[in-house]
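The values are calculated or read from the model by the stated rules, or taken from the named source; none is laboratory data. Nothing here was measured: the structure is a model prediction, and the numbers come from that model. In this analysis, Cβ positions are derived from the backbone assuming ideal geometry, glycine residues included, and neighbour counts consider all displayed protein chains.
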Amino acid sequence: MVGDHIERKFRRVNLWVPSRDVGTDLLVTDSGNEKAISLQVKFSRDFLATHMPSIFQKPLRACGWWSLNLDKIAKSKADYWVFVLVGFERRSTNFVIIKPSELLIRLKAIHKKRKSIQSYLWVTEKNRCWESRGLKRQEQLAIAQGQYSNGERDFSAYLNNWGPIQALNGK
């Protein structure tokens, strides 16, 4: 899904898939194969339609869930992690593209000193992205209503942020 998106949107890059597990799922290079970015891809099915009350159905586009090991993030060799959020109701696909070092800082700030965490990323119809695991019901409703504010949990800057790939694309 990520590779397909990159190939359709960025015509001047080359996409490489490692033949074995090296901690990177995709390698993207410029057209001359001189500069490269490695990506670790994490996919989640959409939990909006199956696990969320009706009050969240309209304002949210997709809700993903991941089990993440903080040690693996810390030791990651990938330049970026890409979280794929597929919204089946609206047939949407969104991507959270973040450096593992930034992801680690944010997850530690939100979930404290756990070694393994469950992370929920929610994408709203207003193109906002929030890490919502552990929030109280009122805070969840505030996200849905576009009234929530929390810098550590706000992943909107990484939502569909294809800047690193665009830089390789040459335009």
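Of the numbered criteria (1) farther than 15 Å from ILE165 by Cβ; (2) surrounded by 14 or more Cβ atoms within 10 Å (Cβ to Cβ), the one THR50 fails is (2). GLY32 fulfils the conditions (1) within 19 Å of ASN169 (Cβ to Cβ); (2) surrounded by 12 or more Cβ atoms within 10 Å (Cβ to Cβ) except for a single criterion, (2).
Kindly indicate whether any position in segment 58-65 is of a type in the set (D, E, K, R) and surrounded by fewer than 16 Cβ atoms within 10 Å (Cβ to Cβ).
Taking segment 58-65 first, the residues of a type in the set (D, E, K, R) are 58, 61.
Going one step further and asking which of them are surrounded by fewer than 16 Cβ atoms within 10 Å (Cβ to Cβ), we end up with 58.
Yes - at least one qualifying residue is present in segment 58-65.
I'd like the full set of residues that are surrounded by 14 or more Cβ atoms within 10 Å (Cβ to Cβ) and free of Cβ contacts under 8 Å to residues at least 60 places away in the same chain, limited to segment 91-104. Correct list: SER92, LYS99, GLU102, LEU103, LEU104.
Among all residues of segment 104-119, there is at least one that is within 15 Å of LEU85 (Cα to Cα), outside any helix (DSSP H, G or I) and either among the aromatic types (Phe, Trp, Tyr) or within 11 Å of the chain's Cα centre (by Cα) (or both).
Just give me the residues in segment 116-138 being of a type outside the set (Val, Ile, Thr) and either within 14 Å of TYR158 (Cα to Cα) or in contact with a Leu (Cβ under 6 Å, 6 or more places away or on another chain) (or both), in sequence order. It would help to see each step written out before you state the result.
Within segment 116-138, the first condition is being of a type outside the set (Val, Ile, Thr), and the residues that meet it are 116, 118-122, 125-138.
The answer is SER119, LEU121, TRP122, ASN127, ARG128, CYS129, TRP130, GLU131.
Is one or more of the residues making up segment 148-158 in contact (Cβ under 8 Å) with a residue 60 or more places away in the chain and more than 15 Å from the chain's Cα centre (by Cα)? No.
Do we find that ALA74 is surrounded by 14 or more Cβ atoms within 10 Å (Cβ to Cβ) and either of a type in the set (A, V, I, L, M) or within 15 Å of TRP130 (Cα to Cα) (or both) in this structure? Here the answer is no, as ALA74 does not meet what is asked. Where strands (runs of 3 or more DSSP E) fall wholly inside segment 1-89, the ranges with 1 or more residues that are at pLDDT 95 or above, of a type in the set (Lys, Arg) and under 19 Å from the mean Cα position of the chain (by Cα) are 36-44. Residues of segment 1-41 that are within 20 Å of ASN69 (Cβ to Cβ) and of a type in the set (Gly, Ala, Ser): GLY23, SER38. Restricting attention to segment 120-171, the residues being in a strand (DSSP E or B), touching a Cys at 6+ places or on another chain (Cβ under 8 Å) and surrounded by 20 or more Cβ atoms within 10 Å (Cβ to Cβ) number 4. Scanning segment 2-35 for residues that are touching a residue at least 60 places away in the same chain (Cβ under 8 Å) and not β-branched (Val, Ile, Thr) yields HIS5, LYS9, PHE10, ARG11, ARG12, ASP30, SER31, LYS35.
Which ones in segment 1-29 are among the small types (Gly, Ala, Ser) and loosely packed, with under 13 Cβ neighbours inside 10 Å? Listed by number, the residues that qualify are SER19, GLY23. Here ARG91 passes the criteria (1) in contact with a Leu (Cβ under 8 Å, 6 or more places away or on another chain); (2) on the phi > 0 side of the Ramachandran plot except the one numbered (1).
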